[in-house]
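A short write-up of the structure that comes next.
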Amino acid sequence: MTKQAAAHRRPGSRPPPAGLAAGAIALLAAATAGAAQADGIAISPAGLKPIGTIDARFQSYNIEMVEVTGGRFWKPYPRPARAFDERDRYSARPPIDLANARLRRLAAALSPAYLRVSGTWANATFFAEAPGKPPRGFNSVLSRAQWRGVVEFARAVDAEIVTSFAISPGSRDAHGIWKPDQAQLLVEATRALGGRIAAAEFMNEPTLAATNGAPAGYDATAYGRDFKVFRDWMRRAAPETLILGPGSAGDAPSPSGAGLTTRDLLAASGPGVDRFSYHHYNTISPRCGGDDDPAQALSEHWLTRTDTTLGTYQTLRDAYEPGKPIWLTETADAACGGGLWDRTFLDTFRYLDQLGRLAKAGVQVVMHNTLAASDYGLLEETTFRPRPSYWAALLWRRLMGTIVLDMGKAAPRDLHLYAHCHPAKPGAVSLLAINTSRTTSRTLSLPESAERYTLHAARLQGTNVQLNGKTLALTDDGGLPQLQARAAPPGAIRLAPTTITFLVLPNAANPACLSRRSGS
């Protein structure tokens, strides 16, 4: 992901203040010291109506191609964070160990999922039987053994592979037209290794083609020509693979003319995708010139950027690929490796709120970038230690099923409410309540007992998170701890400031949730 892909940068924002301590929070007490109390919202879980369904692999993730091959990727910020030198963006890294037992265990806990192996580096990666120097027109080599690691990892963790193909000058004929030779080799190797490619984009972020590996002067006409070659080849060579596209990011030409608009690309290529894909980042990291204030991370204008970008691509989908399901195939808070707070609890609010918003809007799949690389990884990249958003992802996977329900309630601006059928308990309803206020408690009123899971952190920009007052951490042998609920009786449920709460109502008997389709 390049810096031009980031949307809505706010220039001139202040450097992050130290700490942003949340203070001690009495999560489950009858009162919250020093916080105002807002009026409660009554919830009737049995009457919540279904508004749609999402893919069983809705919550998914990326492992970038450069992680698989090894190479220079976004360098993690120094700790403690200090002023970042934009000239020091990258660090070399060996290939990720996809056979690592901890990595597989933690990824499997988020399954079923899609595993997308793509990114900017994939646009110029050469597939070969053995490691070596890339031929002219390519920047890196993906060996058969490395791809075997991807196939075996996907099989071990119940993930379906999504990818894209090389489009750099080395993948073209004498007239500059894209050739499917390299893509054909990758498809055949996947089959020979006992795997399959569930879905593929032609290239990573064609709106940024000129800076992402495409030949000089690459324009919408060239893209339209190449996409038609790709589409026809896919229908013949891999009819079982879904065609995703266009996989745009940013969607605005840069001042230098390096960017292409999605509208121009779609007009040139014509219809032909099975799923409409796009990318979204709230901003860009300091590595690429971003300078955002963490004080805005819980604000509505920050969180609703998800809606703004989706609205742009929904309009384009409706115009050029009407009715096609929408997939968000790459997303995080900040492009270029993640922002200064993306590894902390502060970004967990955006992570879960984005899932809730997009599920409610009908987006079928959301692929977080990344599983375990740089500062936006769900896992720390060297130890694979879970970060706060990983624990949130695990709770979402276990509690939020594929049937989305309409809350039908007008909530205060800083209280975000989402409801799904529970994935494993017929008739049960799961609620997600996100209180983004830093000062005000909120109250929900429930007609029956519930199972409560509340996430909070002593410091919003801390990397430790507590569940119902107990710090979450792997066990001594590297296993996942039990995520134990706290029983909540009928009546008022207090939601302390800057907390995230899942509530499971096992006896809701919601008619929509009695269907077997409510599972994930």
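Whenever a residue of region 433-462 is surrounded by fewer than 22 Cβ atoms within 10 Å (Cβ to Cβ), its partners that are at pLDDT below 95 and among the hydroxyl-bearing types (Ser, Thr, Tyr), lying with C-beta atoms within less than 9 angstrom and at least six residues away or across chains, give the pairs 441/32. For region 95-150, filtered to residues that are open to solvent by less than 60 Å² (accessible area, probe 1.4 Å), among the aromatic types (Phe, Trp, Tyr) and touching a residue at least 40 places away in the same chain (Cβ under 8 Å), the residue that is nearest to residue 386 (Cα to Cα) is 114. Of everything listed in (1) modelled with pLDDT of 95 or more; (2) farther than 26 Å from residue 102 by Cα; (3) open to solvent by less than 50 Å² (accessible area, probe 1.4 Å), the single unmet condition for residue 465 is (2). Specify the residue that is least open to solvent (accessible area, probe 1.4 Å); the eligible residues are those in region 315-332 that are farther than 13 Å from residue 245 by Cα and part of a helix (DSSP H, G or I). Checked region 315-332; the qualifying residue least open to solvent (accessible area, probe 1.4 Å) is 319.
Scan region 408-449 for residues that are more than 15 Å from residue 500 (Cα to Cα), out of contact with any helix residue (DSSP H, G or I) (no Cβ under 9 Å at 6 or more places or on another chain) and assigned to a strand (DSSP E or B) and jot them down. If the condition is that a residue be more than 15 Å from residue 500 (Cα to Cα), out of contact with any helix residue (DSSP H, G or I) (no Cβ under 9 Å at 6 or more places or on another chain) and assigned to a strand (DSSP E or B), then 445 is the only one that fits. Considering region 340-390, and only residues there that are closer than 24 Å to residue 92 by Cβ and either basic (Lys, Arg) or in a helix (DSSP H, G or I) (or both), the residue that is most open to solvent (accessible area, probe 1.4 Å) turns out to be 385. Condition check for residue 217 on (1) under 22 Å from the mean Cα position of the chain (by Cα); (2) open to solvent by 30 Å² or more (accessible area, probe 1.4 Å): one failure, at (1).
Just one of the listed residues (227, 165, 153) is farther than 26 Å from residue 70 by Cβ, under 28 Å from the mean Cα position of the chain (by Cα) and not aliphatic (A, V, I, L, M), namely 227.
Taken together, the criteria place residue 393 among residues that are buried (at least 24 other Cβ atoms within 10 Å of the Cβ), closer than 17 Å to residue 352 by Cβ and among the hydrophobic types (A, V, I, L, M, F, W, C). Filtering region 168-207 to residues that are polar (S, T, N, Q) and either loosely packed, with under 15 Cβ neighbours inside 10 Å or more than 24 Å from residue 274 (Cβ to Cβ) (or both) leaves only 168.
The set of residues from region 457-479 being part of a loop (DSSP other than H, G, I, E, B), under 14 Å from residue 496 (Cα atoms) and in contact with a helix residue (DSSP H, G or I) (Cβ under 8 Å, 6 or more places away or on another chain) comprises 457, 460. Contact map, region 62-79: residues that are surrounded by fewer than 20 Cβ atoms within 10 Å (Cβ to Cβ) paired with residues that are at pLDDT below 95 and in a helix (DSSP H, G or I), Cβ distance under 8 Å, separation 6+ or inter-chain. Pairs shown: 75/287.
Answer with yes or no whether residue 414 is in contact (Cβ under 8 Å) with a residue 60 or more places away in the chain and in contact with a Lys or Arg (Cβ under 7 Å, 6 or more places away or on another chain). The answer is no for residue 414. Answer with yes or no whether residue 269 is under 23 Å from residue 163 (Cα atoms), touching a Ser or Thr at 6+ places or on another chain (Cβ under 7 Å), of a type in the set (Gly, Ala, Ser) and at pLDDT 95 or above. Criteria not met by residue 269.
Is there a residue in region 253-276 that is over 23 Å from residue 230 (Cβ atoms), in contact with a helix residue (DSSP H, G or I) (Cβ under 7 Å, 6 or more places away or on another chain) and surrounded by fewer than 21 Cβ atoms within 10 Å (Cβ to Cβ)? Yes, because at least one residue in region 253-276 is over 23 Å from residue 230 (Cβ atoms), in contact with a helix residue (DSSP H, G or I) (Cβ under 7 Å, 6 or more places away or on another chain) and surrounded by fewer than 21 Cβ atoms within 10 Å (Cβ to Cβ).
The values are calculated or read from the model by the stated rules, or taken from the named source; none is laboratory data. Keep in mind that what you see is a predicted model, and the values were worked out from it rather than measured. All Cβ positions, even for glycine, are placed from backbone atoms using ideal geometry, and neighbour counts span all protein chains on display. Heads up: the accessible areas ignore ligands, DNA and RNA and are worked out on the full protein's heavy atoms, side chains in. Shrake-Rupley method; radii C 1.70, N 1.55, O 1.52, S 1.80 Å.
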